[in-house]
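What follows is one structure encoded as structure tokens, with my remarks underneath.
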Amino acid sequence: MECLVLGAAAGGGFPQWNCGCANCVRARSGDPAAAPRTQASVAVSGDGIRWLIIGASPDLRQQILANDVLAPAAGTRESPIAGVVLVSADVDGIAGLLVLREQHRFRLFAPAAILRVLAQNEIFASLDGAVVERVEVSPDVEVDTGLGVALTLLTMPGKVPLYQEAERSASRIEAATTYAARLESGGRVCVVAPACAELTDAVVSRLADADVLFFDGTLFHDNEMIDAGLGWKTGRRMGHVSVSGSGGALARLRGLKARKVFFHINNSNSMLLDDSEQRRMVEQAGFSVGYDGMSVIA
Ligand SMILES: [Zn+2]
């Protein structure tokens, strides 16, 4: 199974359009050690022909143009994009669907809660139901995508999207779930997990059989946004476990057999910089920092 990172940054991208933090300034200046990254998405293919896109980021048009394998064959109006999997109802997880509204036939896989968000937002009616089949996927139940790849949505500890927060009580936020996509083809397993609020024993054990893991690298430190004066929320509050720390991804995922790649990386996270101490720590622990166009064979 071929896995291609379409976008390795978190929502807002790197650099973020309205951010002048030290990292974004370096990325904007063309610094080769601060490569720009688009918003989180991974494409996978079992046959190298038909591709399944995990996460429809607002940068999807740019991501398709940047990756030749997603280009239509000359003389056709047939995209290799045969399916899209939605794992979050955040703007950065669904807005890219609007890019795919040109009467192209594909299958849209999502849990009921995310399909409801689409149904309630009239703008997504631009994806003609006669052309784009919406397939409801129950969490933890494997489905055949019909593309040579089996899909299971794994429930992960998370939060509700920011725009829905006002309608929810704090306890509902605690109980809300987000999803990781587990993809299996030819006996090989890839897990794409852009958001995970906590690495419980149960979560870690569910990642144990992955050959490749793309994991939430939003923040290096839980207090990073606050310390940099960029916001008032901790990573945990935003639904993202940090990379460092005793309960963080480096400590908790280190023992997994998978090739481990961070993506969904916020622009405040200095592991984005090739020459940072954070990058050194991540690589020393056996993890990689994802970048746009990164190809990994599972
Ligand atoms: Zn920034």
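Miscellaneous remarks
- Per-peptide average of other Cβ atoms within 10 Å, ordering 13-19, 53-59, 91-97 highest first: 53-59, 91-97, 13-19
- Karplus-based coupling profile of region 253-265, in residue order and whole Hz: 9, 3, x, 5, 6, 4, 5, 10, 10, 7, 9, 6, 9, with θ = phi - 60° in 6.51 cos²θ - 1.76 cosθ + 1.60 and x standing for Gly or Pro.
- Lysines with Cα under 16 Å of Lys159, excluding same-chain neighbours fewer than 8 positions away: Lys233
- Cα centroid separation, region 189-225 to region 40-77 (Å): 24
- Remark: region 19-135 carries 46 Å² of accessible area per residue (probe radius 1.4 Å; ligands, DNA and RNA excluded).
- Surface share of carbon and sulfur [accessible, 1.4 angstrom probe, percent] for region 191-269: 51
- Dipole check for the chain: with +1 at the C-beta of Lys and Arg, -1 at the C-beta of Asp and Glu, and the Cα centre as origin, the magnitude is about 160 Debye.
- Our helix-only sum for the chain, with -39,500 (n - 2.57) per DSSP H run of n ≥ 4 divided by its residues, gives a mean residue ellipticity at 222 nm of -4500 deg cm²/dmol.
- Surface share of carbon and sulfur [accessible, 1.4 angstrom probe, percent] for region 17-92: 57
- For region 98-165, the share of accessible area belonging to carbon and sulfur comes to 51 percent (1.4 Å probe, ligands and nucleic acids excluded).
- Placed amide H near Ile54: partners under 5 Å, 5+ positions off or other chain: Val42, Ala43, Val44, Val85
The values are calculated or read from the model by the stated rules, or taken from the named source; none is laboratory data. Please read all numbers here as calculations on a predicted model, not as lab measurements. Because the Cβ atoms are built from the backbone with ideal geometry, glycine has one as well, and the counts that use them run over all protein chains shown. These area figures cover heavy atoms from the full protein model, side chains too; ligands, DNA and RNA do not enter into them. Shrake-Rupley method; radii C 1.70, N 1.55, O 1.52, S 1.80 Å.
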